[in-house]
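K.L.:
One structure is given below, represented as structure tokens, and several questions about it will come after.
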Amino acid sequence: MIGGILRDGALRLLAAAMDAEVAAHIAAHTDQVHAQSRRLSVRDGFARPAAGPLRHPLRTWPPGRSPRGGPRVTAIAAQSITTERLDLLPLLVEHAEEMAAVLSDPALHTFTGGTPDTPQALRSRYQRMTAGSPDPAVSWLNWVIRLRDEACLTGTVQATISPSAHGPIAEIAWVVGTAWQGRGIATEAARGLVDWLSQQPIPTIIAHIHPDHRASAAVAAAAGLTPTDEWHEGEIRWRRSCQR
């Protein structure tokens, strides 16, 4: 997405003015935006949430409050999720080499530009992503998708959990490598992710999908999200309420 690319430059400039530890956190935020901004899958579909820019990298907040004024989000960690055919495994740095091959098709960058990461670059990116968000009010959750019968990785799913005036919101995304598209993997993985998130203290799940991307819309619908009349950077916001 163009917005993500523009934010990268601003974040890199800000990082240059800070010490090494803070700079690493800024780079990690950029990586999460990048990972959630790729938007292409010919059949299974691929959606992404529009992760916002880092707003408060150095401040602390009163107990129980978030930088956005709402209740602080209780930290949520990614856990293993099992579906009929898949294991969604919390992202590890060690996944980089295999995932670099899974995501090696340049077509996955059609909408966003750029080229696939090398294993070394992806390893560095995963190191920053697994370190977590520099914003204490935001949680980054990332999983790799493992096809159990074939014992191989096929893609990723993600959730960025942020506070709002109405409680925490989880923005989700998914991507399946070209070689595994057309097998319902994205749909099954997205359903598994949404089912798991629905069991957490998160009242709302959203995704942003291009209006012409029918495959992603089908995946979102299968996961229980419905389109709204809200738009973000040229994409439609889909939403699911998880109120119990």
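The values are calculated or read from the model by the stated rules, or taken from the named source; none is laboratory data. Note that the structure is predicted; figures quoted are calculated from it, not measured. With ideal geometry, Cβ positions are generated from the backbone for all residues, glycine too; neighbour counts draw on all protein chains shown.
K.L.:
What tally of residues in the range 116-162 results from selecting those that are in a helix (DSSP H, G or I), more than 16 Å from the chain's Cα centre (by Cα) and of a type outside the set (Ser, Thr, Tyr)?
P.N.:
Start the filter on the range 116-162 by keeping residues that are in a helix (DSSP H, G or I), which leaves 119-131, 148-150.
Filter once more, so that each one left must be more than 16 Å from the chain's Cα centre (by Cα): 119-121, 123-124, 148-150.
Pick out the ones that are also of a type outside the set (Ser, Thr, Tyr) and you get 119-121, 123, 148-150.
Final tally of qualifying residues: 7.
K.L.:
Checking Gly224 against (1) touching a helix residue (DSSP H, G or I) at 6+ places or on another chain (Cβ under 8 Å); (2) among the small types (Gly, Ala, Ser); (3) crowded, with 18+ Cβ neighbours inside 10 Å, which single condition isn't satisfied?
P.N.:
For Gly224, the failing item is (3).
K.L.:
For the range 128-150, which residues satisfy the criterion of being free of Cβ contacts under 8 Å to residues at least 40 places away in the same chain and either within 16 Å of Ala173 (Cβ to Cβ) or surrounded by fewer than 16 Cβ atoms within 10 Å (Cβ to Cβ) (or both)? Give the steps one after another, and end with the answer.
P.N.:
We begin by selecting, within the range 128-150, every residue free of Cβ contacts under 8 Å to residues at least 40 places away in the same chain; these are 130, 150.
Scanning the range 128-150 gives a single hit, Glu150.
K.L.:
Can you say whether Asp135 is of a type in the set (Asp, Glu) and modelled with pLDDT of 95 or more, as far as the supplied structure shows?
P.N.:
On the way: of a type in the set (Asp, Glu): yes; modelled with pLDDT of 95 or more: no.
Taking the combined requirement at face value, the residue does not satisfy it.
K.L.:
Condition check: part of a strand (DSSP E or B), under 20 Å from Ala107 (Cβ atoms), out of contact with any Leu (no Cβ under 8 Å at 6 or more places or on another chain) and touching a residue at least 12 places away in the same chain (Cβ under 8 Å). Does Ala186 satisfy that?
P.N.:
Values: part of a strand (DSSP E or B): no; under 20 Å from Ala107 (Cβ atoms): yes; out of contact with any Leu (no Cβ under 8 Å at 6 or more places or on another chain): yes; touching a residue at least 12 places away in the same chain (Cβ under 8 Å): yes.
Considered against the rule, which asks whether it is part of a strand (DSSP E or B), under 20 Å from Ala107 (Cβ atoms), out of contact with any Leu (no Cβ under 8 Å at 6 or more places or on another chain) and touching a residue at least 12 places away in the same chain (Cβ under 8 Å), Ala186 comes out as no.
K.L.:
Moving to a separate point now. Residues to consider are Gln181, Gln158; find the one that is in contact (Cβ under 8 Å) with a residue 60 or more places away in the chain, touching a helix residue (DSSP H, G or I) at 6+ places or on another chain (Cβ under 6 Å), under 29 Å from Ser104 (Cβ atoms) and not hydrophobic (A, V, I, L, M, F, W, C).
P.N.:
Details: Gln181 fails: touching a helix residue (DSSP H, G or I) at 6+ places or on another chain (Cβ under 6 Å).
After applying the criteria, what remains is Gln158.
K.L.:
Could you please give the count of residues in the range 208-237 that are in contact with a Ser or Thr (Cβ under 6 Å, 6 or more places away or on another chain) and modelled with pLDDT of 95 or more?
P.N.:
Matching residues across the range 208-237 total 3.
K.L.:
Please enumerate the residues belonging to the range 169-189 that are over 18 Å from Val102 (Cα atoms) and crowded, with 24+ Cβ neighbours inside 10 Å.
P.N.:
Ala170, Ile172
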